[in-house]
Amino acid sequence: ALERTFSILKPDATRRNLTGAVNAVIEAAGLRIVGQRRIRMTREQAETFYAVHKERPFFGELVEFMTSGPVVVQVLEGENAVAKYREVMGATNPAQAAEGTIRKQFAESVGENTVHGSDSADNAKIEIAQFFTDADIAA
Ligand code: CMP
């Protein structure tokens, strides 16, 4: 089914000027970037976004990193966009990511792993709503 997912190009991507290179991989995979905005995430936004990880030992580090530089938040649309984008991103740990994936090509570590993508269609809706209104999206 035609679906939307939420994507973040993380601070390690913007710092290395990789926005276009990552977007090229996304578009080559057949996903359409139907919403996109470059922002500096506030601590509050990052804590809300990653609330499910609050009890994890890396939570503080994760929030620090996500607020350490600009990010590009995106809405991606396509057939089975949630699963498709997870395939295109590759494994969370770049050391385990498959050849040709974004994380294999660009990610530096499990923390600084270049991109985020929603893990389910339900979470995609919640995550998109945190950063986009309907007026920010044009399909
Ligand atoms: P993301 O998909 O954005 O969702 C949660 C993030 O936590 C994940 O990507 C990783 O970047 C980060 N993460 C997971 N495990 C670790 C870890 N062991 N140390 C630091 N960050 C981690």
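Before moving on, here are some points about what is shown:
- Among Phe132, Thr14, His116 the positive-end extreme of the charge dipole of the chain (Cβ point charges): Thr14
- Glu87/Asp134 FRET efficiency (R0 22 Å; Cβ-Cβ; nearest 0.05): 0.20
- Helical content alone sets the calculated 222 nm signal of the chain at -10500 deg cm²/dmol, taking -39,500 (n - 2.57) per DSSP H segment of four or more residues and averaging over every residue.
- Only Lys, Arg, Asp and Glu carry charge here, each on its Cβ (+1 for the first two, -1 for the last two); on that basis the chain has a dipole of about 300 debye about its Cα centre.
- Cα gyration tensor category, rounded, prolate or oblate, for the stretch 1-56 with a/c compared to 1.5: oblate
- Taking Leu62, Leu9 and ordering them by how much accessible surface each has at a 1.4 Å probe, largest first, produces Leu62, Leu9.
- Cα gyration tensor of the stretch 81-139 - equivalent ellipsoid semi-axes, whole Å, descending: 25, 11, 10
- Cα-centred dipole magnitude for the stretch 59-139, charges only on beta-carbon of K, R (+1) and D, E (-1), debye, nearest 20: 180 debye
- Per residue accessible area in Å² of the chain, where ligands, DNA and RNA are left out and the probe is 1.4 Å: 52 Å²
- Dimensionless Rg/Rh of the chain - Kirkwood Rh, Rg from C-alpha atoms: 0.93
The values are calculated or read from the model by the stated rules, or taken from the named source; none is laboratory data. Note that the coordinates shown come from a computational prediction; the quantities given were computed from them, not determined experimentally. Here the Cβ is made from the backbone with ideal geometry for all residues, glycine too, and neighbour counts use every protein chain on show. Surface accessibility is based on the protein's heavy atoms, side chains included, excluding ligands, DNA and RNA. Shrake-Rupley method; radii C 1.70, N 1.55, O 1.52, S 1.80 Å.
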